[in-house]
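The values are calculated or read from the model by the stated rules, or taken from the named source; none is laboratory data. Keep in mind the model is a prediction, meaning the values are calculated, not measured. We place every Cβ from the backbone using ideal geometry, glycine too, and count neighbours over all the protein chains shown. These area figures cover heavy atoms from the full protein model, side chains too; ligands, DNA and RNA do not enter into them. Shrake-Rupley method; radii C 1.70, N 1.55, O 1.52, S 1.80 Å.
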Amino acid sequence: MRRDIFQAIADPTRRSILTLIALQAMTPNAIAENFNTTRQSVSKHLRILTECDLVKQEQRGREIYYSLEIEKMKEIDKWIKQFREIWETKFNQLDELLVTLKNQKK
């Protein structure tokens with residue numbers, strides 16, 4: 001079953017995993033050491049992130065390393081960007097209104 005990337009990042013543990021592996025690839029055991037949970041639980045989160053193409057796996061010897069899939073993260077950023085632009089416009093309009101009101105008081 002293919003999962004939605006926004007459902008995947010809605011979980012705080014998965015967001016934390018993405019933050020951890022953003023700087024360097026890590027094994028499931030190394031990731032699990034950062035959480036108060038079982039390795040099986042971390043593996044389930046990694047499977048969901050992998051299904052969404054948010055992380056990629058690389059076999060190194062007997063270990064599997066997980067790293068962030070930057071291109072997929074760019075898709076999330078592109079979607080969020082539209083809302084960022086709307087809010088920046090609203091804040092700019094508010095700034096202009098506040099300056100106008102301040103100038104009217106003088």
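Things worth noting here:
- Hits in region 58-91 - residues which are touching a Phe, Trp or Tyr at 6+ places or on another chain (Cβ under 9 Å), surrounded by 10 or more Cβ atoms within 10 Å (Cβ to Cβ) and not in a helix (DSSP H, G or I): Glu58
- Residue pairs meeting the criteria (Cβ under 7 Å; at least 6 apart or on separate chains; first over 14 Å from Met26 (Cβ atoms), in region 40-53; second among the β-branched types (Val, Ile, Thr) and at pLDDT below 95): Cys52/Ile5
- Going through (1) under 23 Å from Ile31 (Cβ atoms); (2) at pLDDT 90 or above; (3) open to solvent by less than 90 Å² (accessible area, probe 1.4 Å) one by one, Leu94 falls short only on (1).
- Residue satisfying all of: in region 20-56; farther than 14 Å from Glu69 by Cβ and β-branched (Val, Ile, Thr); most open to solvent (accessible area, probe 1.4 Å) among these: Thr38
- Criterion violated by Arg14 - all others in (1) part of a strand (DSSP E or B); (2) open to solvent by less than 90 Å² (accessible area, probe 1.4 Å); (3) basic (Lys, Arg) satisfied: (1)
- Scanning region 27-43 for any residue that is over 21 Å from Arg3 (Cα atoms), out of contact with any strand residue (DSSP E or B) (no Cβ under 8 Å at 6 or more places or on another chain), hydroxyl-bearing (Ser, Thr, Tyr) and outside any strand (DSSP E or B) turns up at least one such residue.
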